[in-house]
Amino acid sequence: MQKYLEGLNEQQLAAVLHRDGPLMIVAGAGSGKTKVLTTRIAHMINTGVDAFNILALTFTNKAAAEMKERVEKALGNSEARNLYIGTFHSVFARLLRADAEKLGYPPNFTIYDTDDAKGIIRQIVKDMNLDDKHYKPAYIYNRISAAKNALVGYAAYRNDTQIQQEDAKSNRSAMADIYETYAKRCFRNGAMDFDDLLFNIYVLLTHFPEALAKYQGRFKYIMIDEYQDTNVAQYQIIKMLGARNENVCVVGDDAQSIYSFRGATVQNILQFQTDYEDAQVIKLEQNYRSTGTIIDVANKVISFNKNQIPKNLWTAKENGEKIILARTATDNDEGKFVADAIKEQMMRNHYANKDFAILYRTNAQSRAFEESLRRLNIPYKLVGGTSFYQRKEVKDYLAYLRIVLNPQDEENLKRIINYPARGIGKTTIDRITVRANELNTTFWNVISNPEVDGLRSGGTDNFVMMIRSFQTMLQKQNAYDVAFAIGKHTGLVAELYNDKSVEGVARYENVQELLNSIKEFTETPDEEGELHDTSLGSYLQQITLLTDADQDKGEDANAVRLMTIHAAKGLEFACVFAVGLEENLFPSSMSMYDRNDLEEERRLFYVVVTRARERLWITYANSRYRFGSLVQNDPSRFIKEIPAIYIDSTYTGVGAKGPIGGNTRGGNLFGDNADQFGKVPSLKKLADKLATPKPAAHTPSGDFEAADTGEIGVGTQVEHQKFGFGKVVSLEGGAQSRIASIDFGQHGVKKIMLNFAKLRIVK
């Protein structure tokens, strides 16, 4: 037996030794599929197959490089360099250069990246005198991309009734004209975008039989990694290339098909046996990654999907720890719980930071975890994303908030003076900057001074009036009310809401999460139930403390990883936190009413479970701010699909006395001595405070037991553990956020959030 065959299990060896005819390798999570694929290629070359006749397609350059390196190492020679191995786009670009002239392109055609493509679309929209706020380049690019990946050219797009109805419904009836103009402009420029590399290779193979025959003869053996992630175009191209010899080997796992939003279809792998009736199917079911408990949970959850290839993962490893299920009161508490658990595990079980991953459904969820990790000084790295407060849309919104407090802040002022667009162009901004330097004054003073002629315009005048109107709210309104008004009246929120591209929806979710955090800041009391300073200045101070002086801890390789589940596919960690397991969040509210969408959400949960090697936490919050309102949540249906024997549910969040223990709620970050700008109180105030005798500490009654606060009304006599006895003098707020003003005598009148308060009713 060749040395490279050693260590393979029975199913892996069978897949490696198979050579001729169609083969589907169903590779469960952690089953060693990369090892099988590379060993199979090495064995084929070692037993007489010419490397020039092997085509191996992957989805990432990293995977292609790793495969080539492993093959070379297994063979001990340089024959692997003759393989056609790479991503779909890189391999097809190479083929197209050889036959570009058949399609009317020069051999050295340009390949446009996403920014290039969007720039052309932006110019087309301008040339056609269309509203660029409605015809956003990102939306149009994604629409055209989806069409090309479904092999729908601009002529077919225009003639498809359903597509035209969709565009008419979204008031974008010019989409077909834009698509056609874009395609022709790229062709005129001798350029292809990424999607053209797939679309045009399909055109080449279907319109030029000699080209199809050439590549069918060259690629006698075809292998595709991550086959469950292929789209319509990739599927059709592979089917054509493999039609003569049918030596097509696909490797994948239908249970990990999670990229439908990119055009991938799980049906490609599910129907492989229909496409190739004599296909052999080999299932790699031994998992080398996770404990028995984790594998059993993954098997049980995915079994609820109807559309799947049956398989049963197993492992020779021990069962290990149970899955920890943690319920917290709010999403902020969830962040604190996770950070505390990481700290505890590092101390108790000697894990390193890099052993932990926090995986969530949407990027907007990262905020609470970033804040909690920073407070405990735990290094972290956001993978495939930008730190919440560094995301452009969040920084734009915060820039408005900061300008309302301090209009002299020139950097933030320039950032938002023409966003959303209000007719204040770069030339105008440059001229104002020059004048400000000449007068030795600030940018704001120039645009707000009626005596400075020649530079002011209707756009700048309206901007100044708008900022001043927001400033009138500062003394009477809390941070959320001011921020909400800014988002509404600047058009910032509407600008993001109207962008329905995948990126646009994510940006909109991020600004909503920012508003949610401000809302929670204004409504969440300190640990005694007392409300703190809820002004905009106080909120911005908190954000500054969390963001400004922090170094980029992601630079350290030994850091906790934060990422979406989509970004985590293919990775593994000793300890994984699957967070936000709530109905309408995970599964997503957009996937609740379609079986195919719901099954993809369940596959996404399967992916997050199988990222864990040793320990898995599942967390959810009873309440979470959404669109400025505190929403009560039901636990995800996926939690209910896990048998109770696998779960340790002793962790109950706020006030829980589990292994972490203690109250997970944090207090007022700034204490009673911080004013709305975070400055040190004046000496007189400090002297007055020191001169005033403190009220005697209250000792709670022996029979103290917190009452149902729903029974508390105006005039109710109550006892507080810290402030003693008092009387409710007024109530305000709704059912979910009732605030009581209680007169505690020497302690004064305190505003208490009843949802969080521990009060005994004095009969």
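The values are calculated or read from the model by the stated rules, or taken from the named source; none is laboratory data. Remember, it's a predicted structure, so these values are computed and weren't measured experimentally. Here the Cβ positions follow ideal geometry from the backbone for every residue, glycine too, while neighbour counts run over all protein chains shown. All accessible areas refer to the heavy atoms of the entire protein, side chains included, with ligands and DNA or RNA removed. Shrake-Rupley method; radii C 1.70, N 1.55, O 1.52, S 1.80 Å.
Find all pairs meeting these conditions: Cβ atoms under 7 angstrom apart; at least six residues apart or on different chains; first residue within the range 394-411 and assigned to a helix (DSSP H, G or I) and open to solvent by 10 Å² or more (accessible area, probe 1.4 Å); second residue modelled with pLDDT under 90 and aromatic (Phe, Trp, Tyr). What qualifies is GLU410/PHE443. The set of residues from the range 96-119 being charged (D, E, K, R) and not in a helix (DSSP H, G or I) comprises just one member, ASP113.
Of all residues in the range 257-274, those being buried (at least 16 other Cβ atoms within 10 Å of the Cβ) and in contact with a strand residue (DSSP E or B) (Cβ under 8 Å, 6 or more places away or on another chain) number 2.
Taking residues in the range 712-727 that are of a type outside the set (D, E, K, R), and partners anywhere that are at pLDDT 90 or above and assigned to a loop (DSSP other than H, G, I, E, B), not one pair has Cβ atoms closer than 9 Å while being at least 6 places apart or on different chains.
For every residue, the table says whether it meets (1) over 30 Å from LYS239 (Cα atoms); (2) assigned to a helix (DSSP H, G or I); (3) among the small types (Gly, Ala, Ser); (4) open to solvent by 10 Å² or more (accessible area, probe 1.4 Å).
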| residue | (1), (2), (3), (4) |
| --- | --- |
| ALA255 | no, yes, yes, no |
| ILE294 | yes, yes, no, no |
| LYS306 | no, no, no, yes |
| GLY320 | yes, no, yes, yes |
| ASP340 | yes, yes, no, yes |
| ARG348 | yes, yes, no, yes |
| ILE358 | yes, no, no, no |
| GLN365 | yes, yes, no, yes |
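Going by the conditions given, is GLY702 at pLDDT below 85 and closer than 23 Å to THR522 by Cβ? So GLY702 does not fit the description; no. Being touching an Asp or Glu at 6+ places or on another chain (Cβ under 9 Å), open to solvent by less than 20 Å² (accessible area, probe 1.4 Å) and in a helix (DSSP H, G or I) is not true of ALA93. Restricting attention to the range 153-188, the residues that are over 23 Å from PHE88 (Cα atoms) and assigned to a loop (DSSP other than H, G, I, E, B) total 6. Number of residues in the range 583-605 that are of a type in the set (Ser, Thr, Tyr), out of contact with any Lys or Arg (no Cβ under 7 Å at 6 or more places or on another chain) and under 17 Å from GLU641 (Cβ atoms) equals 1.
Looking at the range 179-186, is at least one residue hydroxyl-bearing (Ser, Thr, Tyr), open to solvent by 50 Å² or more (accessible area, probe 1.4 Å) and out of contact with any Ser or Thr (no Cβ under 8 Å at 6 or more places or on another chain)? Looking through the range 179-186, none of the residues is hydroxyl-bearing (Ser, Thr, Tyr), open to solvent by 50 Å² or more (accessible area, probe 1.4 Å) and out of contact with any Ser or Thr (no Cβ under 8 Å at 6 or more places or on another chain). In this structure, does GLY335 turn out to be part of a loop (DSSP other than H, G, I, E, B) and out of contact with any Pro (no Cβ under 8 Å at 6 or more places or on another chain)? No, not satisfied. Remark: pairs (first residue in the range 111-126, without any contact (Cβ under 8 Å) to a residue 60 or more places away in the chain; second residue outside any helix (DSSP H, G or I); Cβ separation under 6 Å; 6+ apart in sequence or on different chains) = VAL125/ASP132; VAL125/TYR135.
Within the range 76-90, the set of residues being open to solvent by less than 10 Å² (accessible area, probe 1.4 Å) and not in a strand (DSSP E or B) comprises ALA80, LEU83, PHE88.
Matching residues to (1) within 20 Å of GLY570 (Cα to Cα); (2) β-branched (Val, Ile, Thr); (3) in contact with a Gly (Cβ under 6 Å, 6 or more places away or on another chain); (4) not in a loop (DSSP other than H, G, I, E, B):
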{"site": "GLN228", "(1), (2), (3), (4)": "yes, no, yes, yes"}
{"site": "TYR235", "(1), (2), (3), (4)": "no, no, no, yes"}
{"site": "LYS239", "(1), (2), (3), (4)": "no, no, no, yes"}
{"site": "ALA243", "(1), (2), (3), (4)": "no, no, no, no"}
{"site": "VAL251", "(1), (2), (3), (4)": "yes, yes, no, yes"}
{"site": "PHE261", "(1), (2), (3), (4)": "yes, no, no, yes"}
{"site": "THR265", "(1), (2), (3), (4)": "yes, yes, no, no"}
{"site": "GLN273", "(1), (2), (3), (4)": "no, no, no, yes"}
{"site": "LYS283", "(1), (2), (3), (4)": "yes, no, no, yes"}
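In the range 267-317, the qualifying residues are those that are basic (Lys, Arg) and touching a residue at least 60 places away in the same chain (Cβ under 8 Å), and the one that is nearest to ILE639 (Cα to Cα) is LYS300. Scanning the range 356-377 for residues that are touching a Phe, Trp or Tyr at 6+ places or on another chain (Cβ under 6 Å) and of a type in the set (D, E, K, R) yields ARG361, ARG367, GLU370.
Looking for something in a loop (DSSP other than H, G, I, E, B) and touching a helix residue (DSSP H, G or I) at 6+ places or on another chain (Cβ under 6 Å) - is there at least one such residue anywhere in the range 594-607? The answer is no, given that none of the residues of the range 594-607 is in a loop (DSSP other than H, G, I, E, B) and touching a helix residue (DSSP H, G or I) at 6+ places or on another chain (Cβ under 6 Å).
Of all residues in the range 195-232, those that are acidic (Asp, Glu), over 30 Å from ALA27 (Cβ atoms) and surrounded by fewer than 23 Cβ atoms within 10 Å (Cβ to Cβ) total 1. Looking only at the range 1-33, residues that are assigned to a helix (DSSP H, G or I) and either open to solvent by 40 Å² or more (accessible area, probe 1.4 Å) or not polar (S, T, N, Q) (or both) come to 11 in all. When the range 174-231 is filtered for residues that are under 38 Å from the mean Cα position of the chain (by Cα), closer than 19 Å to ILE54 by Cβ and of a type in the set (Phe, Trp, Tyr), the ones remaining, listed by number, are TYR221, TYR227. When the range 34-60 is filtered for residues that are open to solvent by 30 Å² or more (accessible area, probe 1.4 Å), under 22 Å from GLN2 (Cα atoms) and of a type in the set (Ser, Thr, Tyr), the ones remaining, listed by number, are THR34, THR47.
Looking at the range 103-136 only, could you name the residues that are open to solvent by less than 20 Å² (accessible area, probe 1.4 Å) and either of a type outside the set (A, V, I, L, M, F, W, C) or farther than 21 Å from GLU495 by Cα (or both)? If the condition is that a residue be open to solvent by less than 20 Å² (accessible area, probe 1.4 Å) and either of a type outside the set (A, V, I, L, M, F, W, C) or farther than 21 Å from GLU495 by Cα (or both), then PHE109, ALA117, TYR135 are the ones that fit.
Examine the range 61-75 for a residue that is open to solvent by 30 Å² or more (accessible area, probe 1.4 Å) and part of a loop (DSSP other than H, G, I, E, B), and state whether such a residue exists. Within the range 61-75, none of the residues are open to solvent by 30 Å² or more (accessible area, probe 1.4 Å) and part of a loop (DSSP other than H, G, I, E, B).
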